[in-house]
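J.: Handing you this structure, nothing more for now.
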Amino acid sequence: MVGTSEVVNSNDSNMPILHPHVALEEKVDELRRLMGKADNDPLRIVGVGAGAWGSVFAAMLQDSYGHFREKVQIRIWRRPGRSVDRDTAKQLFEVINSREDVLRRLIRRCAYLKYVEARLGDRTLHADELLKDGFCLNMIDTPLCPLKVVTNLQEAVWDADIVVNGLPSTETREVFEEISRYWKERITPPVIISLAKGVEAELKPEPRIVTPTQMINRATGVPMENILYLGGPNIASEIYNKEYANARICGAEKWRRPLAKFLRQPHFIVWDNGDLLTHEVMGGLKNVYAIGAGMVAALTNESATSKSVYFAHCTSEMIFITHLLAEEPEKLAGPLLADTYVTLLKGRNAWYGQKLAKGELNLEMGDSIQGKGMIQGVSAVKAFYELLCQSSLSVLHPEENQPVAPVELCPILKMLYKILITRECPCQAILQALRDETMHDPRDRIEIAQTHAVYRPSLLGHQPR
């Protein structure tokens, strides 16, 4: 990605065509001016968390802007001490030797020998040193550019201008509570971009969803206008390999528009949107149903018919849930379905569902899987179920004509909760839920959502109008 940028094209022969390097430098200068940076003070961008997407995001910025060393500095924090097993070291050695550019780079940096020794079992590698050489432990088949890696959290974040949250939603609160201790003396708050797709349920004083950006706001006191969410239908490795992709950065107008321009690449188009919380929640919702999709695929030997039946039911549940959460849910249909589609095709949550159904993984292993990272759909199943089973959110049942908790109209969500959380049902039960003769037509669920007043503004902390 080195040297990528937007080149200005114009039919007007008097308009100059900017060299890619010049166009990139102008984007850096524009963001620096907006953030009030002095000439001798570099813009400091810090990634917190080094999973696949967090690492790719930092590497994309390093590829594009890292050569402007006096104007911008990019670094990434990850915890120290994570060792790499010998099987992974062997796989990594094969990747290195299959890529001449990577091999030459490591030899030039005098870093190749340690990978030879690790393959032979004579040395133990650690995830932070791999990342410095351009290898993310969750994505070793896709070498990245070398990165500036910091393992001390205080050193990483204390003077950061822009912080990119690449942590799972389940770790966001804890880490940013620690970060808040290092920001007590700050005069101006940083800008934070969260990549996390996950939610928590808060049941008191009234049921509501808590998103990663809200966790960050509560933990640090950074105002919500300085916290943004970036998400879209993306697979990290494909984005780094320059497959065309798009995303939305959502939040206050002051920051979302200049950041969209700064992050945009010819192959990675970033749009901006003001509806932060709803987009963020949708990013967590699709992970719920992706796990079930993986189970169905594995249990039916990739039956196209069975997968389409599941897709019809899960999308109708997602549409129903979006009508509970959003006043104008139609605006979310495209982004939600696109994100769901790519997750079902190649996401880690669908992969996890497949492995569970095949017996290659089990729930006792937890939801942090070596080589894949955190499976955020598991905690999202728990959050959405616990939220939607609250009687205070009741909607009218179409046949029984009496109030029921919203989860009673979401049989797939109920079954996933029984499989993944209470563990009272095996994976095969997902098929029983699909084949239940008493199950309503998915269209009926959509019709209920569209014709009944199901919107509950309190779920996202909004006040009713």
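The values are calculated or read from the model by the stated rules, or taken from the named source; none is laboratory data. Since the model is a prediction, treat every value here as computed from it, not as a measurement. Virtual Cβ from ideal backbone geometry, glycine too; neighbours counted across all protein chains shown. Accessible surface is based on the protein model in full, side chains and every heavy atom, while ligands, DNA and RNA are left aside. Shrake-Rupley method; radii C 1.70, N 1.55, O 1.52, S 1.80 Å.
J.: Regarding region 277-460, what's the average projected area of the Cα-atom convex hull, expressed in nm²?
T.: 10.1 nm²
J.: In degrees from 0 to 90, rounded to the nearest 10, what is the angle of the helix 169-182 Cα long axis to the longest principal axis of the chain?
T.: Roughly 50 degrees between the two axes.
J.: Mind listing P(r) for region 174-286? All alpha-carbon pairs, 5 Å bins, whole percents.
T.: Computed distribution, short to long bins: 2, 11, 20, 20, 19, 15, 8, 3, 1, 0.
J.: Per-residue accessible area for R109 at 1.4 Å probe radius, Å² rounded to 10?
T.: 110 Å²
J.: Oh, and also: Grab the Cα-Cα distance for L345 and K254, subtract it from 0.36 nm times how many residues apart they are, and report the gain in nm with one decimal.
T.: 29.2 nm
J.: Same structure, new question: If you filter region 242-288 for chymotrypsin sites (Phe, Trp or Tyr not before Pro), then keep DSSP loop positions with at most 14 other Cβ within 10 Å, what is left?
T.: Here the sparse-neighbourhood loop sites are Y244.
J.: Mind ranking 206-212, 28-34 by how tightly packed they are, going by the mean number of other C-beta atoms within 10 angstrom, highest first?
T.: Most protected by this proxy first, the peptides run 206-212, 28-34.
J.: In addition: Which number comes out as Rg/Rh for region 104-203 once both Rg and the Kirkwood Rh are worked out on C-alpha atoms?
T.: On the Cα set of region 104-203, Rg over Rh gives 1.07.
J.: Would you mind counting up the charge near P411? Only other residues with Cβ under 13 Å from its Cβ, with Lys and Arg at +1 and Asp and Glu at -1.
T.: Charge balance in the 13 Å sphere: -2.
J.: Would you list, by chain and number, the aspartates and glutamates whose Cα falls below 19 Å from the Cα of K358, excluding same-chain residues fewer than 8 positions away?
T.: E302, D367, E424
J.: Could I ask something else about it? Ignoring ligands, DNA and RNA, what percent of the accessible area of the chain is carbon or sulfur (1.4 Å)?
T.: Within the chain, the accessible surface is 47 percent carbon and sulfur.
J.: Mind ranking 337-345, 122-130, 56-64, 83-91 by how tightly packed they are, going by the mean number of other C-beta atoms within 10 angstrom, highest first?
T.: Going from most to least packed, we get 56-64, 337-345, 122-130, 83-91.
J.: Quick one: if the Förster radius is 35 Å, what FRET efficiency do T305 and R99 give, using the C-beta to C-beta distance and rounding to 0.05?
T.: 0.30
J.: Same structure again: Taking only the Cα atoms of region 42-131, how large is their convex hull per residue, in Å³?
T.: Each residue corresponds to 109 Å³ of Cα convex hull volume.
J.: Taking H placed 1.01 Å from N in the peptide plane, check which residues at least 5 places from L43 or on another chain put their amide H under 5 Å from its amide H.
T.: Excluding prolines and chain starts, which carry no amide H, the hits are V72, Q73.
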